[in-house]
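Asks: Pasting a structure below so you can have a look.
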Amino acid sequence: MEKAAGSPSVGGSYPQKNAEILSSQYGINLFLAGLLLTFAWAVHAVGISKSHLLSYLITLMLIQLLWMLWYLCRSCTQRRLIRDKDTHAGARWLKCGITLFAVITLILDSFKIGYYIDFSNCLSPTEGIFPVTHAVHTILQVYFLWCHAKDIIQSFKTLERFGVIHSVFTNLLLWTNGVLTESKHQLNEHKERLITLGFGNITIVLDDHAPQCNCTTTTLCSVFSQGIYYLYPFNIEYHILASTMLYVLWKNIGRKVEHHQQHKTPFKFHGITVGMIFGLIVLTSTIAIVVVYLIQIGRSKIKSELALTMFYLHTIFVLALMCTAGIVALLIYRLEDRSLDNSKNPARKLDAELLVGTAAGSWLLSWGSILAIICAQAHPKYTWYNLPYSVLVIIEKYIQNLFIIESIHREQEKVNDDIKTLRIVTISRGSTLSLTPSYKEIYNGRAARDNGEVPCLFKGSICRRENDGGGGAKEETSQENSLVMHSASDFSFYSSSSVTNSKRRILKNIAAFLFLCNLSLWIPPAFGCRPEYDNGLEEIVFGFEPWIIVVNLAMPFSIFYRMHSAASLFEVNCKT
């Protein structure tokens, strides 16, 4: 009987599971085809040009636009229906972040349009169509995510799975294209810096696919070409954030959720002053270090070495502070006895997997640097700072991942009814005394007042005195002893509450400090301050091309890790 009863539900899940597998395979093949096309263009494969790559990306964006328009129209016709929502997905602060990146991406698209107009004589029409299509795609996608990131789709599930996974891998391909374009620009500057550092034996011919014609307006062309590469980091973050939000939407298709009220956890500046002050100091000093680094690096060998030394010393100090803060937070968690929330949550699971997965990029670079320092025959003085820097990068990410993952899995502390009503219970003559009335007592007292009676808030205490007419010194002595017990219990309650609040305040300050530190450490690699390129020691040990391939593969994950950690720490601060 149990088998017969359970068989319909099991059988009904097979079509949806098959749809999930088919859609994921469709998305992976879509991505692999685009990835190989991107690689073929990068290495100048015969018969592959940039127009072929852009045509493929334009086609993918147009298909996604059609799907999003269809979904929005269908949602508009069914807006009266009550739909399930995933309260953990598409947080408001995440939507605000992706909107900010999208606005800067639109500025990038406008620069690309201007660049195409200036070089229109020798550029393919696809290079002008691409930024226009991308701008429309960006506007509609941000609107879609604002309105429907929390949706749990229960109709047209098979079709929607293909539409959402198509959108996920379209954004991943756009992210890959942005990473490759930005990396090629960094490589051109990197070779010049190595020459100034004295690594003249490293020779490689680099091609940035520059247009083979003159610009119509030289000044504007220079502004557009330079501005484009400074805006690419924001474009890269926009696409990876969009793909993660869409992936959560894909995982939620057909999901059954428990209908329970989630407590809103708004961000508050109250109580995190110390963490914010120290974090802002780190942020401002990092910006200053990056500016000096970009000015000094490549000017001369001495200036380049001083810039690298300055960067290493500053980052070592910041990473040491972050390790200390993370250890303190983990020790506080060990002192607390709070259960973990192990309920099914696609957004939280993806956050944890992304933290560990993207941290592997930094770990790969750090172990490469450690191995290069050990194996190198000659060690310039500034390269020795790379050893503690690389070790601290590994340790800091290890500690921070533990803190964030445990924080997002900890159940929110529920306010006890005893705390709400401050009911301190003692025993007097076998009856319960309450210094503060419960809700039921207040309600009964209101009814008593309506009848002209005085409510008895202190059972066996005030009312008994009125009834006995103040009878006897023993009664008063008993009441005084009871009040002493109240005071002791009250003191115990407030002391335990004070300890809990102190722990929570420390954790909030640590989360705020780490949030600003991760933003600070996102800035250097995102804007071209990359000692993994400029050190030069790794290229000698591993070879120029192998090490550059490793850096170009690992660096995007390292950059994304910092932004994703900052977003997760913001959530931890709100939740704590």
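Asks: Which order, highest average first, do 546-556, 517-527 follow once you tally other Cβ atoms within 10 Å for each residue and take the mean per peptide? Walk me through the numbers before you get to the answer.
Replies: On the way: 546-556: 18.9, 517-527: 22.4.
Going by the mean number of other Cβ atoms within 10 Å, highest first, we get 517-527, 546-556.
Asks: Right, something else. For the range 38-170, just run the numbers: alpha carbon Rg, then divide by 2.2 N^0.38 Å, N being how many residues it has.
Replies: Details: Rg = 17.7 Å, N = 133, 2.2 N^0.38 = 14.1 Å.
That ratio works out to 1.25.
Asks: Which ³J(HN,Hα) values in Hz, rounded to whole numbers, follow from the phi angles of the range 515-522 under the Karplus curve 6.51 cos²θ - 1.76 cosθ + 1.60, where θ = phi - 60° and Gly and Pro get x?
Replies: Result, ordered by residue: 4, 6, 5, 5, 4, 5, 7, 6 Hz.
Asks: Can you give me the accessible area per residue for the range 15-256, using a 1.4 Å probe, in Å²?
Replies: On the way: 11290 Å² over 242 residues.
Accessible area per residue: 47 Å².
Asks: While we're looking at this one, here's another question. Ordering R504, R299 by accessible area with a probe of 1.4 Å, largest first, what comes out?
Replies: Values: R504 70, R299 160 Å².
Sorted by accessible area, descending: R299, R504.
Asks: Do you know the relative contact order of the range 15-256, to the nearest whole percent, from alpha carbon pairs under 8 angstrom that are 6+ apart? Write out the running numbers ahead of the final one.
Replies: Details: 237 pairs, mean separation 84.9, N = 242.
Relative CO of the range 15-256 lands at 35 percent.
Asks: State the Cα centre-to-centre distance between the range 125-183 and the range 269-300 in whole Å.
Replies: Centre-to-centre (Cα) distance: 34 Å.
Asks: Run the numbers on the range 50-176 and let me know its relative contact order in percent, using alpha-carbon pairs under 8 Å that are six or more apart. Numbers along the way, then the final one.
Replies: Working: 78 pairs, mean separation 60.1, N = 127.
Relative contact order for the range 50-176 comes out at 47 percent.
Asks: What does the accessible area of D534 come to, in Å² to the nearest 10, when a probe of 1.4 Å is used?
Replies: Counting only protein heavy atoms, D534 exposes about 0 Å² to solvent.
Asks: On a full-extension model of 0.36 nm per residue, what is the gain between Q226 and W146, subtracting their alpha-carbon distance, rounded to one decimal in nm? Could the numbers behind the result be given before it?
Replies: Values: separation 80, 0.36 × 80 = 28.80 nm, distance 3.17 nm.
Extending this stretch completely gives an extra 25.6 nm.
Asks: Heavy atoms of the protein only, probe of 1.4 Å, neighbouring chains included. What is the accessible area of Y232 in Å², nearest 10?
Replies: 10 Å²
Asks: Right, here's the next one. Taking the simple approach of a point 7 Å from Cα along Cα-to-Cβ for both I139 and V328, what is their distance in nm?
Replies: 4.8 nm
Asks: Taking amide H atoms as placed 1.01 Å from N in the peptide plane, list the residues 5 or more away in sequence, or in a different chain, whose amide H sits under 5 Å from that of G536.
Replies: Residues meeting the criterion, in which the H sits 1.01 Å from N, do not exist here.
Asks: Compute the label zone of A40 within the range 152-167: residues whose backbone N is under 12 Å from the point 7 Å along Cα-to-Cβ.
Replies: none
Asks: Taking amide H positions as placed in the peptide plane 1.01 Å from N, state which residues far from R299 in sequence (5 or more) or on other chains have amide H under 5 Å from it.
Replies: Amide H neighbours of R299: S304.
Asks: Quote the FRET efficiency, to the nearest 0.05, computed for I107 versus K184 with a Förster distance R0 of 35 Å and r equal to the Cβ-Cβ distance.
Replies: On the way: r = 21 Å, r/R0 = 0.60.
So the FRET efficiency works out to roughly 0.95.
Asks: While we're here: What accessible area, in Å² to the nearest ten, does a 1.4 Å probe give for R74?
Replies: 30 Å²
Asks: Go through the range 27-42 residue by residue and turn each phi into a ³J(HN,Hα) via Karplus (6.51, -1.76, 1.60, θ = phi - 60°); whole Hz please, and just put x for glycine and proline.
Replies: Ordered by residue, 3J(HN,Hα) equals x, 5, 5, 4, 5, 5, 4, x, 5, 5, 5, 5, 5, 4, 5, 5 Hz.
The values are calculated or read from the model by the stated rules, or taken from the named source; none is laboratory data. Because the structure is predicted, anything quoted here is derived from the model rather than measured. Note that each Cβ is placed from the backbone with ideal geometry, even for glycine, and that neighbours are counted across all protein chains shown. Heads up: the accessible areas ignore ligands, DNA and RNA and are worked out on the full protein's heavy atoms, side chains in. Shrake-Rupley method; radii C 1.70, N 1.55, O 1.52, S 1.80 Å.
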